[in-house]
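Chemist: Here you go, one structure.
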Number of protein chains: 2
Amino acid sequence: MVEGVHFRIEWADPELIGRKALAVTLSDVAAMGGSAKFAMVSIALPPHLSAQFIEKTLGGLFDLAHSCGVSIIGGDTSSSRDSLFIDTIAIGECAAGRAVTRRGAEAGNRVYVTGTLGASATGLMLLERGMKLREANAAEGEIGRQYREALVKHLAPEPRLIAGRLIGERELATAMIDISDGLSTDLTHILEESDCGAIIRAEAMPVAESALDLSIELEIDPLSLALHGGEEYELLFTARPETHSRIEGLSSELGLPITAIGEITSARGLQLERDGKLRPLMPAGYEHKI
Amino acid sequence: MVEGVHFRIEWADPELIGRKALAVTLSDVAAMGGSAKFAMVSIALPPHLSAQFIEKTLGGLFDLAHSCGVSIIGGDTSSSRDSLFIDTIAIGECAAGRAVTRRGAEAGNRVYVTGTLGASATGLMLLERGMKLREANAAEGEIGRQYREALVKHLAPEPRLIAGRLIGERELATAMIDISDGLSTDLTHILEESDCGAIIRAEAMPVAESALDLSIELEIDPLSLALHGGEEYELLFTARPETHSRIEGLSSELGLPITAIGEITSARGLQLERDGKLRPLMPAGYEHKI
């Protein structure tokens, strides 16, 4: 995570910056069906940040590690000329041969996604317009709730470690990835590695409430944010149709929405079905542009 | 490794920058008596560097990994606003309970160091004065050889992986560290963690030929560079006196100088014995000041 590329210092408390730096890496372990065990963290600190800042950053990172049962076993610190850099690396484990890759999707599989989509990109737009988490916390009623959903999703994403591990252990998925670049781009990675295509149904997409409710204020298309918005850190996976009831069971067990949003096709390419019509869906994942 | 902090782009070919980024991390595995197995590398690339530059950087890194039997198993790439960052993390293994820490030095132990010291700091001074490796390669005779020794030691340090592993496997050391900050500073780490002191004998120090031979031209004190110069990546360890002949055996076996340079004392503090007199030796390891 690079200051000025992935985040701005003024957007969040240092605890959240540290937390997210680890969360996004643990998400990669979840996406392979692994159990996160160890992590290492290297930080390069520019002169404009205080020792207190870095203590808080590491504090947030260690808190998340602790709550996930992850041991921080190494790393390094350095100075930097002008940007804060945080590099995290995680090690997870799974039973031999059980790692879920991007390679096993097959025609006839269904496409699933955990949680809801679009809130992280909505949160990023709020941040870019100058909103702070403390203002969102102070905002009352329904609108305050939506601001918070969007900002928290962007600033403090929750890696889906338990869901990922159980999907792996129970062999529910044929392929899996986490949504870091946007559903359209990340699904394309699965399709390319599995040599197949997919149809996504617009009506089935679990669009986040905040993306829907703030769409007029922000002049955004909520479906577009859900299809292309990055940094969701939800799990996107494919599964055989006969697995469906077990996936529904996992969803209730965890209290986590897991939604079937489409099907894998033998014909290559990604298509979107909307109002009964099919049209090509280009990978247009969010690119960092701050 | 951070551009502008640990290196300058114009000092070396990208292959050497990549190579060193991994070498310094593998050196940490060697210093614990481990066998290096896996490494991960994260790179943040500023706009002013080309794709070709980064390919060459990674090429140098992968070449070293290959020659050391280390598999690169992960990592990440990112953009950066203006500096190149390379973070490497390595995983090594050793028999359970055999890792050599900084904590086991005991009064009566001897202090040993591999290789010779002072060349890396000498090389850094040459680089700071504008010398390039290709000029050193073109320089003839004895002076050319000294330029090359110093520059190569600084730009392409050799992690002491075989020596470190064998010292660990044969249980030759009671404590060990690699010299990254300078002998005086790194030995102080061992002394603090082992709660003891040491006397280093100036006459015994294996000062690098280049530091000796270039001392007049560069107006340097070669002993001072050997005592305080950083980025040597030689192994500094303590051992029981009865191990001495086995350490000499290892030295001949590897064709690598391993020199006894002093003794561990129960009284705390680090002292230098020179011309029959003892005086305090302050940790004054080289600090990056480019």
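The values are calculated or read from the model by the stated rules, or taken from the named source; none is laboratory data. Just so we're clear, the structure is a prediction, and the values are computed from it rather than from any experiment. Here the Cβ positions follow ideal geometry from the backbone for every residue, glycine too, while neighbour counts run over all protein chains shown. These accessible areas exclude ligands, DNA and RNA; they are computed on the full protein's heavy atoms, side chains included. Shrake-Rupley method; radii C 1.70, N 1.55, O 1.52, S 1.80 Å.
Chemist: Among the residues of the range A:79-102, is there at least one that is in contact (Cβ under 8 Å) with a residue 24 or more places away in the chain and on the phi > 0 side of the Ramachandran plot?
Modeler: No.
Chemist: Just give me the residues in the range A:63-82 being closer than 8 Å to residue A:45 by Cα and more than 9 Å from chain B (Cβ to nearest Cβ), in sequence order.
Modeler: A:77
Chemist: Conditions: (1) surrounded by fewer than 20 Cβ atoms within 10 Å (Cβ to Cβ); (2) modelled with pLDDT of 95 or more. Residue B:198 meets all but one. Number of the miss?
Modeler: (1)
Chemist: What number of residues in the range B:39-55 are open to solvent by 20 Å² or more (accessible area, probe 1.4 Å) and either within 14 Å of chain A (Cβ to nearest Cβ) or modelled with pLDDT of 95 or more (or both)?
Modeler: Summing the residues that are open to solvent by 20 Å² or more (accessible area, probe 1.4 Å) and either within 14 Å of chain A (Cβ to nearest Cβ) or modelled with pLDDT of 95 or more (or both) in the range B:39-55 gives 3.
Chemist: Go through (1) modelled with pLDDT of 95 or more; (2) more than 26 Å from residue A:72 (Cα to Cα); (3) open to solvent by 50 Å² or more (accessible area, probe 1.4 Å); (4) more than 18 Å from the chain's Cα centre (by Cα) and name the single condition residue B:158 misses.
Modeler: The one condition residue B:158 does not meet is (4).
The rows are residues; the columns are (1) within 14 Å of chain A (Cβ to nearest Cβ); (2) over 25 Å from residue B:225 (Cβ atoms); (3) at pLDDT below 95.
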| residue | (1), (2), (3) |
| --- | --- |
| B:98 | no, yes, yes |
| B:105 | no, no, no |
| B:111 | no, no, no |
| B:150 | no, no, no |
| B:175 | no, no, no |
| B:178 | yes, no, no |
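Chemist: When the range B:168-193 is examined, which residues are found to be out of contact with any helix residue (DSSP H, G or I) (no Cβ under 7 Å at 6 or more places or on another chain) and in a helix (DSSP H, G or I)?
Modeler: Once the filter is applied, which keeps residues that are out of contact with any helix residue (DSSP H, G or I) (no Cβ under 7 Å at 6 or more places or on another chain) and in a helix (DSSP H, G or I), the range B:168-193 yields B:168, B:169, B:185, B:186, B:187, B:188, B:189, B:190, B:191, B:192, B:193.
Chemist: A follow-up question, please. What do you reckon, is residue A:171 open to solvent by 30 Å² or more (accessible area, probe 1.4 Å) and out of contact with any Ser or Thr (no Cβ under 9 Å at 6 or more places or on another chain)?
Modeler: Taking the combined requirement at face value, the residue does not satisfy it.
Chemist: For residue B:60, indicate whether it is within 22 Å of the chain's Cα centre (by Cα) and in contact (Cβ under 8 Å) with a residue 12 or more places away in the chain.
Modeler: Working: within 22 Å of the chain's Cα centre (by Cα): yes; in contact (Cβ under 8 Å) with a residue 12 or more places away in the chain: yes.
Yes; evaluated as a whole, the condition is true for this residue.
Chemist: Look at residue B:239 and say whether it is closer than 18 Å to residue B:110 by Cα and in contact (Cβ under 8 Å) with a residue 60 or more places away in the chain.
Modeler: Criteria met by residue B:239.
Chemist: Follow-up. Among (1) over 30 Å from residue B:103 (Cα atoms); (2) open to solvent by less than 20 Å² (accessible area, probe 1.4 Å), which single condition is residue B:59 missing?
Modeler: (2)
Chemist: May I pose another question? If you go through the range B:57-78 one residue at a time, how many are out of contact with any strand residue (DSSP E or B) (no Cβ under 6 Å at 6 or more places or on another chain) and of a type in the set (S, T, N, Q)?
Modeler: 2
Chemist: Further, regarding this structure: Can you tell me which residue is surrounded by the fewest Cβ atoms within 10 Å (Cβ to Cβ) among those in the range A:217-236 that are of a type outside the set (A, V, I, L, M, F, W, C) and touching a residue at least 24 places away in the same chain (Cβ under 8 Å)?
Modeler: Ranking the candidates gives A:230 first.
Chemist: Which one is surrounded by the most Cβ atoms within 10 Å (Cβ to Cβ) among residues in the range B:68-83 that are within 20 Å of residue B:167 (Cα to Cα) and not β-branched (Val, Ile, Thr)?
Modeler: Filtering the range B:68-83 for residues that are within 20 Å of residue B:167 (Cα to Cα) and not β-branched (Val, Ile, Thr), the one surrounded by the most Cβ atoms within 10 Å (Cβ to Cβ) comes out as B:68.
Chemist: Still on this structure: How many of the residues in the range A:1-38 are more than 9 Å from chain B (Cβ to nearest Cβ), open to solvent by 40 Å² or more (accessible area, probe 1.4 Å), part of a loop (DSSP other than H, G, I, E, B) and modelled with pLDDT under 95?
Modeler: Matching residues across the range A:1-38 total 2.
Chemist: Search the range A:84-97 for residues being part of a loop (DSSP other than H, G, I, E, B) and farther than 22 Å from residue A:179 by Cβ, and hand back the single one that is least open to solvent (accessible area, probe 1.4 Å).
Modeler: A:84
Chemist: Got at least one residue in the range B:152-166 being in contact with a strand residue (DSSP E or B) (Cβ under 9 Å, 6 or more places away or on another chain), farther than 22 Å from residue B:70 by Cβ and in contact (Cβ under 8 Å) with a residue 24 or more places away in the chain?
Modeler: As a first pass, look at the range B:152-166 and keep what is in contact with a strand residue (DSSP E or B) (Cβ under 9 Å, 6 or more places away or on another chain): B:155, B:159-161, B:163-165.
Filter again for farther than 22 Å from residue B:70 by Cβ, leaving none.
No - not one qualifying residue is present in the range B:152-166.
Residues are listed down the side, and each one gets a yes or a no for (1) of a type outside the set (S, T, N, Q); (2) out of contact with any His (no Cβ under 6 Å at 6 or more places or on another chain); (3) closer than 30 Å to residue A:245 by Cβ:
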site: A:44; (1), (2), (3): yes, yes, no
site: A:58; (1), (2), (3): yes, yes, no
site: A:70; (1), (2), (3): yes, yes, no
site: A:83; (1), (2), (3): no, yes, no
site: A:97; (1), (2), (3): yes, yes, yes
site: A:102; (1), (2), (3): yes, no, yes
site: A:106; (1), (2), (3): yes, yes, yes
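Chemist: Kindly list, by first and then second residue, each pair from a residue in the range B:243-269 that is under 22 Å from residue B:199 (Cα atoms) and open to solvent by less than 70 Å² (accessible area, probe 1.4 Å) to a residue that is outside any helix (DSSP H, G or I) and of a type in the set (D, E, K, R), limited to pairs with Cβ atoms under 7 Å and residues at least 6 apart or on different chains.
Modeler: Taking only residues 6 or more apart or on different chains, the pairs are B:244/B:110; B:260/B:110; B:261/B:201; B:262/B:201; B:263/B:110; B:264/B:106.
Chemist: Got a sec? Which of B:104, B:130, B:144 is surrounded by fewer than 23 Cβ atoms within 10 Å (Cβ to Cβ) and in contact with a strand residue (DSSP E or B) (Cβ under 7 Å, 6 or more places away or on another chain)?
Modeler: Exactly one of B:104, B:130, B:144 is surrounded by fewer than 23 Cβ atoms within 10 Å (Cβ to Cβ) and in contact with a strand residue (DSSP E or B) (Cβ under 7 Å, 6 or more places away or on another chain), namely B:104.
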